[in-house]
Amino acid sequence: MKRKAIVVPEGCKEVLLHACCAPCSSAIVEWMIQHDIRPTIFYYNPNIYPREEYDIRKNESKRHAESLGIQWIDGDYDHEQWRQDVCGLEGEPERGRRCEQCFLLRLMEAARQAKKLGIRYFTTTLASSRWKSIEQIECAGHMAEQAVEGTTFWAQNWRKGGLYERRNQLLKEYAFYNQQYCGCEFSQRKVLTDNNNQ
């Protein structure tokens, strides 16, 4: 018997969805609504730099949520604190220890927000990106659920079940701003370097 691409945790009817951006959350939110799961979008991304980039992504995420009539929560933007939290990891490659630390910081906050709202399950759109390590994301999510009592991380590869393809369709339908780097200045530098070397 073939295993389902997306497996809903038993009894899950509501979930806090940590969202990195509107393009990545769009197909996930659509799928959840179609399967009678109510998502609350939590936009918490202090890694994003510069502030103008952060605001563009934030406003697109909010626009998407409002168009669907779903709850959207704005997390605090404290980039200086994020820089302190990843201090010493600036030179790490993508998928390295800096990314691990960044995932953990954001998912810990997502777990705390879920607990505050009385939502047991939380998950993240980070697991929809082909540029990210699913293993690192799942490890960070499980560490967060262990640290925040009463929460459960929904570990899911959100690239599966045709959602990655649907994401690209919705990106065009909504005319979303589509960023070219993960968000932090360190990944931005790599993109700029790669482009200059082409």
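Scanning residues 5 or more positions from Ile73 or on other chains, those with amide H under 5 Å from its amide H are Ile41, Phe42, Tyr43, with H placed 1.01 Å from N in the peptide plane. For the chain, the average shadow cast by the Cα convex hull is 11.9 nm², which is a quarter of the hull's surface. Semi-axis lengths, largest first, of the ellipsoid equivalent to the range 40-141 are 23, 17, 13 Å, with √(5λ) applied to each eigenvalue of the Cα gyration tensor. Counting every Cα pair in the range 64-119, what percent are over 18 Å apart? Across the range 64-119, Cα pairs with separations above 18 Å total 49 percent. Taken along the Cα-to-beta-carbon direction at a fixed 7 Å, the label points for Glu185 and Lys62 span 2.5 nm. Ligands, DNA and RNA left out, the accessible area of the range 1-101 computed with a 1.4 Å probe is 46% carbon and sulfur.
In the chain, excluding the sites themselves, the longest stretch lacking any of the GluC sites (Glu not before Pro) that are in a DSSP loop with at most 13 other Cβ atoms within 10 Å is 11-89. Centre-to-centre separation between the Cα atoms of the range 147-174 and those of the range 42-121: 15 Å. Please check which bits of the range 150-173 a label hung off Lys115 would reach, taking the label as a point 7 Å along Cα-to-C-beta and the cut-off as backbone N under 19 Å. Those under the cut-off are 150-155. In the elastic network of the chain, a GNM with C-alpha springs shorter than 10 Å, the most mobile of Lys115, Lys172, Lys62 is Lys172.
When the chain is treated as a GNM with alpha-carbon contacts under 10 Å, the residue of Asn157, Asn168, Asn47 showing the greatest mean-square fluctuation is Asn168. The residues neighbouring Ile119, those whose beta-carbon lies less than 13 Å from its own, together hold a net charge of +4 under the Lys/Arg +1, Asp/Glu -1 convention. Estimated at 0.36 nm per residue, the fully extended path between Glu80 and Gln34 surpasses their Cα-Cα distance by 12.7 nm. Annotation: for a label point projected 7 angstrom from Cα along Cα→Cβ of Arg3, residues of the range 135-161 with backbone N closer than 11 Å are 157. Tell me the relative contact order for the chain as a rounded percent, counting alpha carbon contacts under 8 Å between residues six or more apart. So the answer I get is 28 percent. In this structure the amide hydrogen of Cys20, modeled in the peptide plane, comes within under 5 Å of the amide hydrogens of Thr125, Leu126, none closer than 5 places in sequence on its chain.
Less than 5 angstrom separates the built amide H of Val148 from none of the residues sequence-distant by 5 or more or on a different chain.
The values are calculated or read from the model by the stated rules, or taken from the named source; none is laboratory data. Because the structure is predicted, anything quoted here is derived from the model rather than measured. Don't worry about glycine lacking a Cβ; one is built from the backbone with ideal geometry, like all the others, and counts go over all protein chains shown. To get the accessible areas, we keep the full protein, side chains included, count just its heavy atoms, and leave off ligands, DNA and RNA. Shrake-Rupley method; radii C 1.70, N 1.55, O 1.52, S 1.80 Å.
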